[in-house]
1. For Cα pairs less than 8 Å apart in space and 6+ apart in sequence, what is the mean separation divided by the residue count of region A:40-104, i.e. the relative contact order in percent?
2. On C-alpha positions alone, give me the angle between the axis of helix A:123-133 and the longest principal axis of chain A, in degrees, nearest 10.
3. Using the Karplus equation 6.51 cos²θ - 1.76 cosθ + 1.60 (θ = phi - 60°), what ³J(HN,Hα) coupling, rounded to whole Hz, does each residue of region A:88-96 give in order, writing x for Gly and Pro?
4. Any chance you could run the full-extension gain for A:Gln42 through A:Phe69? It's 0.36 nm times the residue separation minus the Cα-Cα distance, nm to one decimal.
5. Can you tell me, using C-alpha contacts under 8 Å and at least 6 residues apart, the relative contact order of chain A as a whole percent?
6. Once fully extended, how much extra length lies between A:Thr122 and A:Arg88, figured as 0.36 nm per residue of separation less the alpha-carbon to alpha-carbon distance?
7. Kindly work out what percent of the DSSP beta bridges joining two residues of chain A are antiparallel, to the nearest 5.
8. Output the peptides A:78-85, A:11-18 sorted from most to least packed, where packing is the average of other Cβ atoms within 10 Å over each peptide's residues.
Amino acid sequence: MNYWLCKSEPETYSWQDLVNDGSTIWDGVRNYAARNNLRAMQVGDRILFYHSNYGREIVGIAEVSVSAFPDPSDDTGTWSSIIIKPLRAFKRPVSLDIIKADVFFLEMILIKNSRLSVQPVTKKEYDKIIQMGG
DNA sequence: GCCAACGTTGGC
DNA sequence: GCCAACGTTGGC
């Protein structure tokens, strides 16, 4: 099993929206690095769900329920989508401030490449995040 | 709302 | 193939 982090602006699509919907298509990604990460995802992989902008915290864990297929919002066949579903919310959301303040996360992509919207997370990082999230 | 960091585009 | 110009993301 592999671990990932996906960003969403809560004003556009929040964790609560995902819970309400039961599952959602993750489409509209238009960045090659992010797309390649989407394509590497397998059913059952875990996704840390991060609220960017207003929020700036990891709020819960989602799961890949359908692996990569052509993005229906794209006519060119260049881009890919997946489908995710919520697994559980954190008792205590893990904020960007907390992550940045901890040297354990110095190498985390969330810190080093803050613009990448779909990124891999190591098992160590994942385990510590979910421990902090409760 | 500003702007730094990063990606992409297009002229040369 | 380089790089300046431009657009976007996302933290502050």
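Bear in mind that the values in this text are calculations on the coordinates, not laboratory data. The structure presented is a predicted model; accordingly, all values stated were derived computationally and were not measured. Don't worry about glycine lacking a Cβ; one is built from the backbone with ideal geometry, like all the others, and counts go over all protein chains shown.
1. 31 percent
2. The angle comes out near 70 degrees.
3. Listing the rounded values in order: 7, 7, 6, 5, 10, x, 9, 7, 4 Hz.
4. The span from A:Gln42 to A:Phe69 would gain 8.6 nm if fully extended.
5. 31 percent
6. That pair, A:Thr122 and A:Arg88, stretches by 10.3 nm at full extension.
7. 80 percent
8. Order by mean packing, descending: A:78-85, A:11-18.
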